Structure formats: structure tokens, C-alpha cells
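Contents: one structure, followed by commentary.
The values are calculated or read from the model by the stated rules, or taken from the named source; none is laboratory data. Bear in mind that the values here come from a model prediction, so they are computed numbers and not experimental data. Glycine gets a Cβ as well: all are built from the backbone with ideal geometry, and neighbour counts include every protein chain shown.
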Amino acid sequence: MGICLLFVLLGFGRSKTIYFLSGVLFVGFLLINLVVRGINVPIATWFVEQFERKDAFLPGYGSAWYVVGLLILCLLIRDVYSLSAGVIVFAFGDSASTIFGSMGRRPLFYNPRKTLEGTLAFFALSLLSFFFIGWNAVPLALFAALVESFPLGIDDNLTIPLACSLFFYLL
């Protein structure tokens, strides 16, 4: 979804990307509603089976928050290059932390639910944002990786976009 959004953003601009994400969120909520009511919607069911965590509160819960996080980025960051960097951090960094973190063996001393391997993977893949913002990618990747690793009690689909937005606001 992050890569798709990056193409939409670079091809059509920020405003149309906001409309696109709003539409995706609206259709997604309709599909979630149908699935919760017990109606089999093949595409929605497939997405839930493939991408949703087994312990999710509702079907599509994580996906909905992911789209909300992307929408937060688009609403709070105006510059297309900074926004693209935020999308890279959110899409690649968060995915890498989940994949490598699940295989990690060294829990963080301040959050035993996260691993050093996951945090380092988040940082490393977030550095791809260099192609949009240059050397500012290093502090952005570090800040976002740290925020993602802290036990804040808030879904990281919200904290990462907010951290990226705060970074660019302070920059």
C-alpha cells in the first residue's frame, strides 16, 4: 500500500492523494461492516486472511489504522518530498521492524516486546527516504525508529506518522 501511495503521490500530487486515501478508507469501512455482519465479501475476506493479525480487535482493524496513518501524513505534511520521505519511513520502516523484529532475539531493555533487530531494520530501511530529503533522512529514521520502539500504548500506525510530521514541523 505504501509503494502504491508513493506512486499516486508523485503522479497526482498531495490533494488527489488525500482524496484517494479518503475513498480507500470509506470503502474499507463499508467492507469491514459487511464482514462483521457475516457477509462474505471475497476481496475483503482475502485481505483479512492475508494481512490482518490473528489477534485483531475487528477484521480490517490494522489495515484501517494504516490508511488513517497515511492520511495523517498527507494532511500534516505539505511538501511532497517530505511527505514521500514520511511514506517511505512508515511503509518500509514499519514493515521491516515487524518482519525482522519477529525473528529477533535481543529484546530492548526499555520495551521487551520489541527487539533490537526490529528497531535496527526500521532504521535501516527508513534510510531509503534519503532519495527524497537527503541527509535529513538519518535523524528522521533515528527519531521514527525510537518512537516506534517505545511502549506508548498507542498503535504505531498513528505514532509513526505523527513522529514524522513532528520531525518535519521542527525541521
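Structural remarks
- Residues of the range 33-59 classified as under 16 Å from Met1 (Cβ atoms) and not in a helix (DSSP H, G or I), total: 2
- For Pro151: the one exception among (1) surrounded by 15 or more Cβ atoms within 10 Å (Cβ to Cβ); (2) in contact with a strand residue (DSSP E or B) (Cβ under 6 Å, 6 or more places away or on another chain): (1)
- Residue check, Val24 over 18 Å from Val87 (Cα atoms), outside any loop (DSSP other than H, G, I, E, B) and of a type in the set (A, V, I, L, M, F, W, C): no
- The numbered conditions (1) crowded, with 22+ Cβ neighbours inside 10 Å; (2) over 19 Å from Gly62 (Cβ atoms); (3) of a type in the set (Ser, Thr, Tyr) are all true for Ser165 except (1).
- Qualifying residues in the range 22-43 (those that are at pLDDT below 90 and among the polar types (S, T, N, Q)) - the one nearest to the chain's Cα centre (by Cα): Asn33
- Only one entry of Leu5, Leu30 meets the criterion of being surrounded by 13 or more Cβ atoms within 10 Å (Cβ to Cβ), in a helix (DSSP H, G or I) and on the phi < 0 side of the Ramachandran plot, and that entry is Leu5.
- When Asp94 is tested against (1) more than 12 Å from the chain's Cα centre (by Cα); (2) surrounded by 15 or more Cβ atoms within 10 Å (Cβ to Cβ), exactly one condition is not met: (1).
- Taking the criterion of being farther than 15 Å from Pro151 by Cβ, among the aliphatic types (A, V, I, L, M) and not in a helix (DSSP H, G or I), the only residue of the range 71-120 that qualifies is Ile77.
- Where a residue in the range 100-124 is without any contact (Cβ under 8 Å) to a residue 12 or more places away in the chain and its partner, wherever it lies, is among the β-branched types (Val, Ile, Thr), with Cβ under 8 Å and at least six apart: Arg106/Thr115; Pro107/Thr115
- Odd one out for Thr119, checked against (1) under 13 Å from Val89 (Cα atoms); (2) surrounded by 16 or more Cβ atoms within 10 Å (Cβ to Cβ); (3) of a type outside the set (Lys, Arg); (4) out of contact with any strand residue (DSSP E or B) (no Cβ under 7 Å at 6 or more places or on another chain): (4)
- Hits in the range 60-70 - residues which are part of a helix (DSSP H, G or I) and small (Gly, Ala, Ser): Gly62, Ser63, Ala64, Gly69
- For the range 41-68, the set of residues classified as under 22 Å from Ala121 (Cα atoms), touching an Asp or Glu at 6+ places or on another chain (Cβ under 8 Å) and buried (at least 21 other Cβ atoms within 10 Å of the Cβ) consists of Ser63 only.
- For the range 1-21, taking the residues that are closer than 18 Å to Ala64 by Cβ and in contact (Cβ under 8 Å) with a residue 24 or more places away in the chain, the one that is nearest to the chain's Cα centre (by Cα) is identified as Gly2.
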